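All of the numbers you see were taken from the coordinates with simple rules; none came from a lab. Please read all numbers here as calculations on a predicted model, not as lab measurements. Note that each Cβ is placed from the backbone with ideal geometry, even for glycine, and that neighbours are counted across all protein chains shown.
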Amino acid sequence: MERKKVIFTVPLECDGMNANVFLRKHCNVSARMITRLKREKDGIIRDNQLLRTIDTVHFGDVVILNMPVDKNDIIPVKGKLDILFEDESIIIIDKPYDMPVHPTKIHQRDTLANYLVYMQKQRGESYTFRAINRLDKDTSGIVVIAKDRYSASNLFGTLNKTYYAVCEGLIFGSGTIDKPIKLLEGHTIQRATADDGARAVTHYKAVEHSKNHTLLEINLETGRTHQIRCHFSSINHPLAGDDMYGGSLSFIKRQALHCGAVDFIHPITKEKTEIKSLLPCDIQNILNKDK
């Protein structure tokens, strides 16, 4: 299997720079990754020659990182994937609800990861499944997957997510919920707000209203498990369809929560990239039916 390549061209401002400094400071390659690549055959090359970290790079040099071959232990299963964006470094999937992202004990063959590994094999590709963001099984929307270690490490910390949710009741304007969250006593999944929990901050803005529901645009300052679901339940506005946190199943049979937009700094081009996903029909229909 051909190794994944990450390619950099030395800009004028880096002419005469030490290779290690160029990789660490300009390319943002971690010291750990450089050490790993130095152990690989032709791990770091320039002009088809090994580039040592003590060497000097010059303007116009093409530096190639030959990434270690990834191993996959995920079962490949044929399935449908809605690809919103793809290049050599990243693939972005619009995940439907009722699809887990990762395999679990009870979901071994019906996850986004299974379908993506199958697609890789059909294309003759191989890379570890590295989801940069995670969504609950019944939360729909954007999942960003890095195709190599370098892209993954550079996407973490630059990825901003915008969620859309329909809550019960009417909320106007914008606001912030700042309440710590912890695992609910006696439960393995459900969370609750509590003074002794981990800090959790949710920012929201009302976008649209129906008779008894509000469509919200939500940005997270922190990323706790079930944060959005738990926070809105705590202010007596549970998400529609979220019966775990007190929401009614009258209009929708799953939590009305969708990751509708992401933006990030592309790990290779360093350009800001924005991807959007339309609000699913089952969530939009809550507002249409509740007139």
Run the quick spin-label model on LYS270 and GLN190: label points 7 Å from Cα toward the beta carbon, then report their separation in nm to one decimal. 5.0 nm
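As an exercise, take the mean of 1/r over every pair of distinct alpha carbons in the chain, invert it, and state the Kirkwood radius in angstroms.
It works out to 21.2 Å.
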Phi-derived 3J(HN,Hα) across the stretch 207-218 with the Karplus relation (6.51, -1.76, 1.60, θ = phi - 60°), rounded Hz, x for Gly and Pro, is 10, 7, 10, 10, 4, 10, 9, 10, 8, 10, 9, 10
Expressed in nanometres to one decimal, the distance between label points 7 Å along Cα→Cβ at LEU159 and ASP98 is 2.5 nm
How big, in percent, is the set of alpha carbon pairs in the stretch 5-66 lying more than 17 Å apart? 26 percent
Provide the net charge surrounding LEU279, with neighbours chosen by a C-beta distance below 13 Å and charges set as Lys +1, Arg +1, Asp -1, Glu -1. -3
Under the Karplus relation with 6.51, -1.76 and 1.60 and θ = phi - 60°, whole-Hz ³J(HN,Hα) for the stretch 96-103, x at Gly and Pro, equal x, 5, 6, 10, x, 7, 10, x
Could you sort the peptides 21-29, 168-176 by per-residue average Cβ neighbour count (10 Å cutoff), highest mean leading? 21-29, 168-176
At R0 = 41 Å the Cβ-Cβ FRET efficiency linking ASN48 and THR222, nearest 0.05, sits at 0.30
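Using the beta-carbon distance between ASN285 and LYS121 and R0 = 25 Å, what value does 1/(1 + (r/R0)^6) give for FRET efficiency, to the nearest 0.05? The partial results should precede the final answer.
Working: r = 37 Å, r/R0 = 1.48.
The computed FRET efficiency comes out at 0.10.
Using only the Cα atoms, what convex hull volume per residue in Å³ does the stretch 144-268 have?
So the per-residue Cα hull volume is 126 Å³.
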Net charge (Lys, Arg +1; Asp, Glu -1) of residues whose beta-carbon lies under 14 Å from that of ILE54, ILE54 excluded, is +3
Separation of the ASP55 and ASN72 label points, Cα + 7 Å toward Cβ, nm: 3.3 nm
Under-5 Å amide H pairs with ILE90, H placed in peptide plane, nonlocal only: LYS147
Go through the stretch 124-141 residue by residue and turn each phi into a ³J(HN,Hα) via Karplus (6.51, -1.76, 1.60, θ = phi - 60°); whole Hz please, and just put x for glycine and proline. x, 9, 7, 8, 5, 6, 10, 7, 7, 10, 10, 10, 4, 3, 9, 9, 9, x
Could you list, in their original order, any pairs among LYS179/LYS291; LYS5/LYS137; LYS25/LYS161; LYS4/LYS41; LYS147/LYS182; LYS105/LYS137 whose Cα atoms are separated by more than 25 Å? LYS179/LYS291; LYS5/LYS137; LYS25/LYS161; LYS147/LYS182
In the neighbourhood of GLY16 defined by beta carbon distances under 13 Å, the net charge of the other residues (Lys, Arg +1; Asp, Glu -1) is -4
Which GluC sites (Glu not before Pro) in the stretch 39-135 sit in a loop by DSSP (not H, G, I, E or B) and have at most 13 other Cβ atoms within 10 Å of their own Cβ? GLU88
